[in-house]
1. Counting heavy atoms of the protein chains only and a 1.4 Å probe, report the per residue accessible area for the chain as a whole number of Å².
2. Rounded to whole Å and ordered largest first, report the semi-axes of the equivalent ellipsoid of the chain derived from its Cα gyration tensor (root of 5λ).
3. When DSSP beta bridges are limited to those with both residues in the chain, what percentage is antiparallel, rounded to the nearest 5?
4. What is the helix-to-structure angle for 35-49, meaning the angle in degrees between its Cα long axis and the longest Cα principal axis of the chain, kept from 0 to 90 and rounded to the nearest 10?
5. Any idea how far apart ALA61 and ARG30 come out in nm if each label point goes 7 Å out from Cα toward Cβ?
6. Considering the chain as a Gaussian network with a 10 Å cut-off on Cα pairs, which listed residue, ALA55, ALA44, ALA16, attains the greatest mean-square fluctuation?
7. Any idea what the relative contact order of the chain is, in percent, if you count C-alpha pairs under 8 Å spaced at least 6 apart?
8. Nothing charged except the Cβ atoms of Lys and Arg (+1) and of Asp and Glu (-1): what's the magnitude of the dipole of the chain about its Cα centre? Round to the nearest 20 debye.
Amino acid sequence: MLVLAFDTSLSACSVALWRDRRALARACDRMERGLAAALAPLIAGLLPRAGLRPAGADRIAVRVGPRASA
C-alpha cells in the first residue's frame, strides 16, 4: 500500500511517500508562512523522485495540530 503523508501544522511543510513501512521519498521546507501554497509543489516534486504518478497513492495521511490549549 502506498501512502502519501504530509504535515503543515508547524513551521515546516513536510511530505513523504511510504510503502510497506518504508520511506520511498521525503522532502521538507522550513518556513513560517505560506505552507499551504508550498504543499502542492513539494508533492509534485516528490512523486517523480519515487517514480510515481499522483493517482498512485492508496491512502493519504495528514498530521492534525497543533492543538489549541483550553
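1. Working: 5080 Å² over 70 residues.
Result: 73 Å² per residue.
2. Values: eigenvalues 100, 41, 17 Å².
Each semi-axis is the square root of five times an eigenvalue, giving 22, 14, 9 Å.
3. Details: 14 of 18 bridges.
Counting only bridges with both partners in the chain, antiparallel ones make up about 80 percent.
4. 20 degrees
5. Between ALA61 and ARG30, the label points sit 2.4 nm apart.
6. Of ALA55, ALA44, ALA16, the Gaussian network model singles out ALA55 as fluctuating most.
7. Working: 115 pairs, mean separation 27.4, N = 70.
Reported as a whole number, the value is 39 percent.
8. Details: 11 positive and 5 negative charges, 33 e Å.
Dipole size: approximately 160 debye.
The values are calculated or read from the model by the stated rules, or taken from the named source; none is laboratory data. Only a predicted model underlies this, so the values are computations on that prediction, with no experimental measurement involved. For neighbour counting, all protein chains shown are included, and Cβ atoms are generated from backbone atoms with ideal geometry for every residue, glycine included. What goes into the accessible areas is simple: the full protein's heavy atoms, side chains included, and nothing from ligands, DNA or RNA. Shrake-Rupley method; radii C 1.70, N 1.55, O 1.52, S 1.80 Å.
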